[in-house]
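A short worksheet on the structure shown next.
The values are calculated or read from the model by the stated rules, or taken from the named source; none is laboratory data. None of these values were measured; they are calculated from a predicted model. When we count neighbours, we look across all protein chains shown, and the Cβ atoms used for this are built from the backbone with ideal geometry, even at glycine. We work out accessible area using only protein heavy atoms, side chains counted, and drop any ligands, DNA or RNA first. Shrake-Rupley method; radii C 1.70, N 1.55, O 1.52, S 1.80 Å.
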Amino acid sequence: MLVLGIETSCDDTATALVRDGRDVLASVSTNQDAFHAKYGGIVPEIASRQHVALLSAAVDDALGRAQMRLHDVDAIAVTRGPGLIGSLVVGVAAAKALAFALRKPLYAVNHLHGHIFAAFLDRNEEPPYPFLALLVSGGHSQLVDVRSAVGMRVIGRTRDDAAGEAYDKTARLLDLPYPGGPQLDALAREGNPKAHAFPRHRPDPGTLDLSFSGLKTSVKYFLESNEGRHARPADVAASFQAAVIDVLMARVDAAFATGEYRALVVSGGVAANSELQARVKAWSVANRLPAFIPPPKYCTDNAAMIAAAAYHQRAIAQADPLTLSADPNLPFVPSPLSP
Ligand code: KG4
Ligand code: ZN
């Protein structure tokens, strides 16, 4: 089954062709960073206009790279939500039009489920169910109990900032250019993670909640202090990163202590982080459990993960090309779409 995936939930105009939820024939992402950089963050109105300008070319590009034609495609998959409404509607409208004109099935995908199925792309072995997914992106940070492709439950979430948001805000405090996460990652490699003891959030008893806003504030006050003004930025970056990753890994350990999982999946933009990847690999060896992290290009937003999710969730994800609507607040729990 060859699926054309379309993802426009935020600021990446992404398309992909994926066979059987696994083999990526083409994955195209037109990054809009250049248009948003001068504002220091994503401007929704600009993102949505750029999607309009770029999406048709991105579909053609994916088809060209895979040496396919639209008629070779068996189904269209699109991100329905959550995300920026102005961005989502562009992808959803395009996907509806394509499905209707080609008379092919249309599948509506939750962006966050997409991040989980990124771990199924381009590899022979699939994560065995049940597994724990740590989803760390710019908009979300959560722990998900994944029983099957359609049976998932959020068992821990951030009370304030998402991990990626904490990276981006801290990067700005360090005067790093936008987008801050990858820049901070690179700077931290030159620093000492033990140079400064930033706080690690502890969850309320019985919860697996996360929190990063206290950490970000603590870095801010430190940088304004006398000691902070003379600190090496690389040491601050490495120490901040160590605190984020300690919190994430502590929550993973706590989840594994209570749930019987056969594997760990880590995905979302922050899963591209080099230190988090190293820590997860070490965790896998120490715990003798498989860990799945997509390659960086599938950690950040992409359309291959949306095509993969549609394939694995095809039993409940089919949508009507005449009536499907984008939903910026789409709930996480999978549910069959109304006809
Ligand atoms: O999943 P994603 O592409 O978009 C959302 O759905 O949010 O995640 C983007 C987030 C941004 O906050 C970005 O700074 C962060 O992922 N990110 C990173 C790295 N690469 C991307 N954070 C830390 N280290 C990285 N290497
Ligand atoms: Zn995302």
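Side notes on the structure shown:
- Computed in the context of the full set of protein chains, the accessible area of the chain at 1.4 Å probe radius has 52% of its extent on carbon or sulfur.
- Per-residue Karplus couplings for segment 27-37, computed as 6.51 cos²θ - 1.76 cosθ + 1.60 with θ equal to phi - 60°, are listed in order as 9, 10, 9, 9, 6, 9, 3, 4, 7, 9, 3 Hz, Gly and Pro entered as x.
- Here segment 264-278 is scanned for amide nitrogen atoms under 18 Å from the site 7 Å beyond the Cα of Ala250 along Cα-to-Cβ, giving 276.
- Note, ³J(HN,Hα) from phi for segment 11-17, Karplus 6.51, -1.76, 1.60, rounded to Hz, x at Gly and Pro: 10, 9, 8, 10, 9, 7, 10
- Förster-model FRET efficiency, 41 Å R0, Ile85 and Asn192, C-beta, rounded to 0.05: 0.40
- Length available on full extension from Tyr39 to Asp72: 0.36 nm per residue minus the Cα-Cα distance, which gives 7.8 nm.
- Surface accessible to a 1.4 Å probe, per residue, for the residues of the chain, Å²: 43
- Sequence-distant residues sharing a close amide H with Leu25 (under 5 Å, placed H): Leu17, Val18, Arg19
- The charge dipole of the chain, taken about its Cα centre with unit charges on the Cβ atoms of Lys, Arg (+1), Asp and Glu (-1) only, comes to about 300 debye.
- Options Leu88, Ala75, Phe100, ranked by Cα towards positive dipole end of segment 25-111, top entry (Cβ charges): Phe100
- Cross-link partners for Lys96 among the lysines, with Cα-Cα distance under 20 Å and sequence neighbours closer than 8 places in the same chain left out: Lys104.
- For Leu330, residues with placed amide H under 5 Å, excluding near neighbours: Gly83
- When the pairs Lys220/Lys297; Lys194/Lys220; Lys38/Lys169; Lys194/Lys281 are compared against a 24 Å limit on Cα-Cα distance, Lys220/Lys297 fall above it.
- Applying both filters, DSSP loop and at most 16 other Cβ atoms within 10 Å, to the trypsin sites (Lys or Arg not before Pro) of segment 102-155 gives Arg103, Arg123, Arg147.
- Part-to-part distance (alpha-carbon centres) for segment 71-129 and segment 272-332, which is given in Å: 11
- Helix 274-287 vs. the chain, principal-axis angle (Cα, 0 to 90°, nearest 10): 90
- Inter-part distance where segment 194-235 and segment 3-56 are each reduced to a Cα centre, Å: 33
- Ordering 320-326, 76-82 by mean Cβ neighbour count within 10 Å, with the highest value first, yields 76-82, 320-326.
- Fully extended contour minus Cα-Cα distance, from Arg288 to Asp320, at 0.36 nm per residue: 7.1 nm
- Cα-based reach from Lys216 at 18 Å (exclusive), listing aspartates and glutamates while leaving out same-chain residues under 8 positions away: Asp160, Asp161, Glu165, Asp168, Asp175, Asp185, Glu224, Glu227, Asp235, Asp246
- The chain: C-alpha gyration tensor shape, a/c 1.5 cut-off, then a/b vs b/c: prolate
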